[in-house]
Structures are given as C-alpha cells and as structure tokens.
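Notes follow the structure.
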Amino acid sequence: MSTTHRSVLRRKSVEDSLAGVDDPERSLRRDLTAWDLAVLGVAVAVGAGIFSVGATAAADYAGPSVIVSFLIASTVCALAIMCYAEFASTLPVAGSAYTFSYATAGELVAWIIGWDLILEMLLAAAVIAKFWGVYLADAFGLFGVDLPTTLHLGPVDLEWGPVLVVGVFTTLLAVGTKLSTRVNSVFTIIKVGITLFVIVAGFFYVRADNYTPFVPPSQPAESSSGLHQSLFAFLSGLEPSTYGVVGILSGAALVFFAFIGFDVVATTAEETKNPQRAVPRGVLGGLAIVTVLYVLVTVVVTGMVPYTDLAASDSPSLTTAFVLVGADWAGKVISIGILVGLTSVIMVLLLGLTRIVFAMSRDGLLPRGISRTSPRYRTPVRLQIGTGIVVAAIAGLSRVELLEEMINIGTLSAFVLVSFGIPILRRTRPDLQRGFRVPWSPVLPIVSGVACLWLMTNLTTLTWLRFAAWLALGMVVYAAYSYRHSRVGRGEAPETGDVPAPSAGH
C-alpha cells in the first residue's frame with residue numbers, strides 16, 4: 001500500500017466519485033428537476049423563522065436596519081451557494097460539501113465536514129420537529145381544541161407531535177424521493193400563499209415613522225458571561241453592544257439561520273435529471289424567492305410597530321406586531337402558516353441527513369451496509385428509517401432546542417470549506433466540465449469563505465466549545481474506525497491522479 005493511501009490527506013478522484021453512483025446496490029434514482037430543487041430550497045428556508053427571526057433581530061440587535069442584516073446574510077449565502085452550484089454541476093454526487101471536500105482537500109477534511117453536516121442536519125431536523133410540536137400545542141389552544149400533546153409514560157414524558165411528523169415523512173422518503181417532493185410542493189405552495197397573505201395584510205398597518213431611526217444608535221448590551229458573548233467580542237475584549245453597525249452585523253449572524261438548508265439541496269444532485277443545469281438554477285432560484293419573502297416580512301414587521309415595542313415583548317414575532325396594532329385574528333393564520341411551514345422543513349432536513357450518511361457509508365468511512373438501497377424504491381430505506389427513529393427520539397424526549405446555535409456553526413463551517421475548495425479544484429482539475437462557474441474566481445470564493453468565517457465568530461463562545469467537543473468525538477470515530485475502513489485508504493478506489501483525466505467535453 002502506498003504512502004498516499006496511508007495519508008489522511010488522500011483524495012478521492014472525481015472520476016471515482018462519479019463511478020460510485022453506478023453501484024447497483026448503492027444507486028439512487030434520477031428524477032428531480034430544477035423546479036423540484038427550487039421548491040426544496042424554499043421549503044427548507046421558509047419555516048417558523050420567517051415569522052419570528054426578523055422580529056427578534058430587529059428587537060434585540062438592529063431595529064429597522066435588520067433589513068440590511070437580511071441582505072448581508074442573503075449575499076453571504078448567495079456567494080456560498082454559487083460555490084455549491086459549481087461543485088454540484090461538476091460532481092453531481094450525493095454528499096454535498098463532504099463529497100466536494102474529498103476531491104479537493106482530502107479525506108480528513110472531508111470527514112470533518114461530513115461530521116459537521118451530520119451535526120447540522122440531525123440537530124436541525126430534531127429542533128424543527130420539536131418546534132412543530134410546540135406550535136401544534138399553540139394551534140390547539142388558539143382554536144379551542146383540548147388535546148394534550150405530551151404523553152406521560154412512567155418517568156418519561158414523550159411529545160407525540162414531533163414523533164408523528166418525523167414518522168410520516170420518514171415513511172414518504174423511504175418510499176421515494178419524487179413522491180416526497182410532490183407532497184412537499186403542496187405544503188410549500190400553501191405556506192408561501194399564507195406568507196404573502198400576511199405580508200399584504202400587514203402593509204395596511206405600516207407607518208413610515210416607525211422606520212426612524214433606521215439605524216438606532218449603538219448602546220451597551222445587558223452584561224453577559226464570556227461564554228454567552230460572541231467569540232469575537234470575547235477574544236477582542238470589546239464591551240458587548242446592540243444596535244448601530246455592530247447590531248446590523250450581529251443581526252446578520254442571527255438571521256443567517258433563516259438561510260440554512262440550501263446546502264441540503266446540493267445533497268440531491270445524484271437524484272437530479274441533468275444536474276449540470278438543474279442544480280445551479282434550482283438553488284439560486286430558490287434563494288432569490290426566499291430573500292424576497294424575508295425582506296418583505298421584515299419591512300412589514302418593522303413598519304407596523306416601533307422596534308422598541310418589539311423589544312419590550314418576551315418573544316417578539318410577526319404575531320406580536322399584529323397583536324400590538326389590534327389585529328388579533330392574524331395569530332390563527334400565522335399559526336397555521338408556521339405548522340405547514342415547519343412540516344416541509346422537516347422533510348428536506350431528513351432527506352439531507354440521510355444523503356450525507358449515505359455518501360460517507362458508500363465510501364467506507366461509516367459502515368458500508370447502511371448505504372444499500374432498496375431494489376424497489378431506489379432509496380436507502382433502512383438508513384432512512386434509522387435516522388428517522390434517532391431524530392424522533394431526540395425531538396420527542398429531549399430539550400434539543402437549547403442547541404439551536406449549533407446548527408449555524410455546522411452550516412457555516414461547511415460553507416467555508418466549499419468556498420475555499422473552488423479555487424483548489426479550478427487549479428488541480430481545470431479539464432473538468434462545469435455546468436456553472438462562479439464568476440470572478442478566486443476572488444468571490446475567497447470573499448465567501450472569509451465572510452462565513454466572520455459570521456462564525458459572531459456566534460457565542462459556548463457554541464464554539466460545544467462544536468469543539470463534537471469535532472473531538474468525530475476525530476475519535478475517524479481514528480478508531482473510518483481511517484482503517486476507508487475504501488480509498490484500502491486501495492479499493494482510485495485516488496486523484498491514478499486514472500487518466502477526462503477531456504473537457506466528457
């Protein structure tokens with residue numbers, strides 16, 4: 001075995017990644033279109049957050065200038081998504097950032113990013129399922145339905161709402177991705193319709209003077225321990241503050257949560273018809289729709305009531321703004337919108353989680369047996385059911401919502417590596433056919449990576465410590481199992497440079 005095979009920097013060639021999709025026991029059916037991908041992007045990004053995250057950021061960080069925070073977050077996300085689009089059009093294989101990193105930065109980095117993505121999507125699916133159960137209980141209360149949402153099983157309290165919604169979509173995904181996307185499309189159209197209705201209704205209550213001052217003057221934030229400050233503030237020793245320019249940037253880091261999930265769409269590249277064209281169109285089209293919706297909602301919520309009134313609320317949201325102007329009816333409409341919105345988010349996250357584990361298993365970094373697909377459905381049925389059970393158990397039995405910021409740091413770390421990976425693959429494999437190219441490379445990909453790193457430093461020190469613990473656990477798993485069972489490491493798959501490069505027109 002060569003020294004290269006023994007190295008943790010060993011890379012998996014693009015050709016071998018593409019050849020892996022032909023494994024009859026581990027292949028996925030290609031039947032998704034650009035429209036399906038755009039719907040998946042909208043589905044995963046438009047959830048409860050569209051009705052709450054803008055109001056929270058306005059109240060606590062930026063005031064009306066939270067509109068700028070959204071535009072900053074959207075721009076950073078767009079830069080990263082362009083990098084994803086180039087990779088996915090060049091390497092249309094399941095695994096998203098994990099697969100892309102394997103071809104550019106090597107196995108160890110690929111393992112780390114795959115491990116990060118598992119964290120992101122596992123926690124995101126569990127957190128959103130948990131919130132779905134909470135909003136289900138709220139909806140029951142609003143409509144006068146007396147039905148408990150918690151079952152007391154001896155010493156254990158089980159919230160049946162999250163278990164139910166995860167179980168339904170796990171079943172749909174096991175039966176087929178195309179069927180799931182059709183159901184998802186219906187939910188997405190309904191929730192976008194509800195969102196547009198709420199926006200139009202809200203505009204009738206907007207007053208121009210509520211946008212003044214657009215950028216509230218900076219003021220000291222309530223004191224907090226070092227662990228609950230942003231990492232940047234903790235390391236620099238700056239006094240925490242809100243509003244002003246710092247508030248806009250902090251707001252951008254918070255509302256970035258609203259845009260996570262577009263990387264999930266890239267995990268479906270292997271199941272997409274004509275991925276070279278469909279993936280870039282799908283992810284960028286979906287991002288454009290989501291950005292417009294978020295900005296419109298934010299314009300409404302900050303125009304309906306002064307940001308100081310939102311700040312006085314315990315949990316500011318779009319519902320808060322409607323209640324403050326006397327439109328209590330909006331609470332019921334928004335509660336339905338949230339439930340429908342979260343439903344489709346859960347489905348897309350379950351899909352993404354399974355595809356990441358599937359790709360890592362197919363490469364031998366996780367047990368190979370779990371990546372086998374059903375001959376009938378051409379989906380990884382056993383893996384889909386297994387991940388569904390884990391997500392349902394976490395959401396139904398634990399307080400997983402306390403780890404919400406962990407989702408952001410997992411996403412951003414993936415964005416950083418994908419962004420920096422574009423110039424590397426351009427230099428090492430200029431011969432590859434690319435269905436989409438990031439303009440002004442390497443400048444834009446590097447700007448994207450640096451911007452994502454900046455947003456990461458605005459997350460709390462406690463989140464970074466938890467992230468470090470997760471990475472440490474991942475390194476233990478890699479050293480104990482993955483390094484020795486890697487198909488590239490065992491010489492079962494060719495490495496970069498071991499096979500002739502394809503022509504540009506391949």
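Read the figures in this text as sums done on the coordinates, not as results from a lab. Note that the coordinates shown come from a computational prediction; the quantities given were computed from them, not determined experimentally. Neighbour counts are summed over all protein chains in view; Cβ atoms, including those assigned to glycine, are modelled from backbone coordinates with ideal geometry.
Note on Leu473 and Val292: the model spin-label points, each 7 Å out from Cα along the C-beta direction, lie 4.1 nm apart. The stretch 432-495 has equivalent-ellipsoid semi-axes of 29, 27, 6 Å, by the square roots of 5 times the alpha carbon gyration tensor eigenvalues, sorted largest first. One decimal place: the segment Arg368-Arg382 gains 3.8 nm when fully extended, by the rule 0.36 nm per residue minus the C-alpha distance. Express in % the proportion of alpha carbon pairs of the stretch 291-332 at distances exceeding 15 Å. Roughly 39 percent, rounded to a whole number.
Each Lys and Arg contributes +1 and each Asp and Glu -1, all at the Cβ; summed about the Cα centre of the chain, the dipole is approximately 1660 debye. Here the convex hull built on the C-alpha positions of the stretch 240-374 has a volume of 181 cubic angstrom per residue. The ellipsoid equivalent to the alpha-carbon distribution of the stretch 93-210 has semi-axes of 34, 25, 17 angstrom, derived from the gyration tensor eigenvalues as √(5λ) and listed largest first.
The calculated FRET efficiency for Val245 paired with Val390, based on their beta-carbon distance and R0 = 56 Å, is about 0.85. On the basis of the beta-carbon distance and an R0 of 51 Å, Leu142 and Val8 show a calculated FRET efficiency of 0.40.
Computed over all pairs of different Cα atoms, the Kirkwood value for the hydrodynamic radius of the chain is 23.2 Å. Per-residue ellipticity at 222 nm, computed for the chain from helices alone with -39500 (n - 2.57) per DSSP H run of at least four residues, works out to -20500 deg cm²/dmol. Measuring from centroid to centroid over Cα atoms, what is the spacing of the stretch 412-443 and the stretch 122-185 in Å? With the stretch 412-443 and the stretch 122-185 each reduced to a Cα centre, they are spaced 38 Å. What is the calculated FRET efficiency for Leu151 to Asp431, with r their C-beta to C-beta distance and R₀ = 60 Å, to the nearest 0.05? That pair, Leu151 with Asp431, gives E of 0.55.
In the stretch 389-465, the convex hull through the Cα atoms has an average projected area of 7.6 nm², a quarter of its surface area. Distances between every pair of Cα atoms in the stretch 297-395, grouped in 10 Å steps from 0 to the bin holding the largest one, split as 13, 29, 18, 16, 17, 6 percent.
For the pair Trp160 and Arg487, label points projected 7 Å from Cα toward Cβ lie 4.3 nm apart.
The stretch between Phe197 and Ala19, if pulled fully straight at 0.36 nm per residue, gains 59.3 nm over its current Cα-Cα span. Straightening the chain between Ile190 and Trp329 buys 48.2 nm, computed as 0.36 nm per residue apart minus the Cα-Cα spacing.
Taking N as the residue count of the stretch 269-315, its C-alpha radius of gyration divided by 2.2 N^0.38 Å amounts to 1.89.
Restricting to Cα atoms and excluding each atom paired with itself, what does the Kirkwood estimate give for the stretch 141-185 in Å? Final number for the Kirkwood radius of the stretch 141-185 is 12.8 Å. Can you give the Rg to Rh ratio for the stretch 33-158, taking only C-alpha atoms and Rh from Kirkwood? Result for the stretch 33-158 is an Rg/Rh of 1.07.
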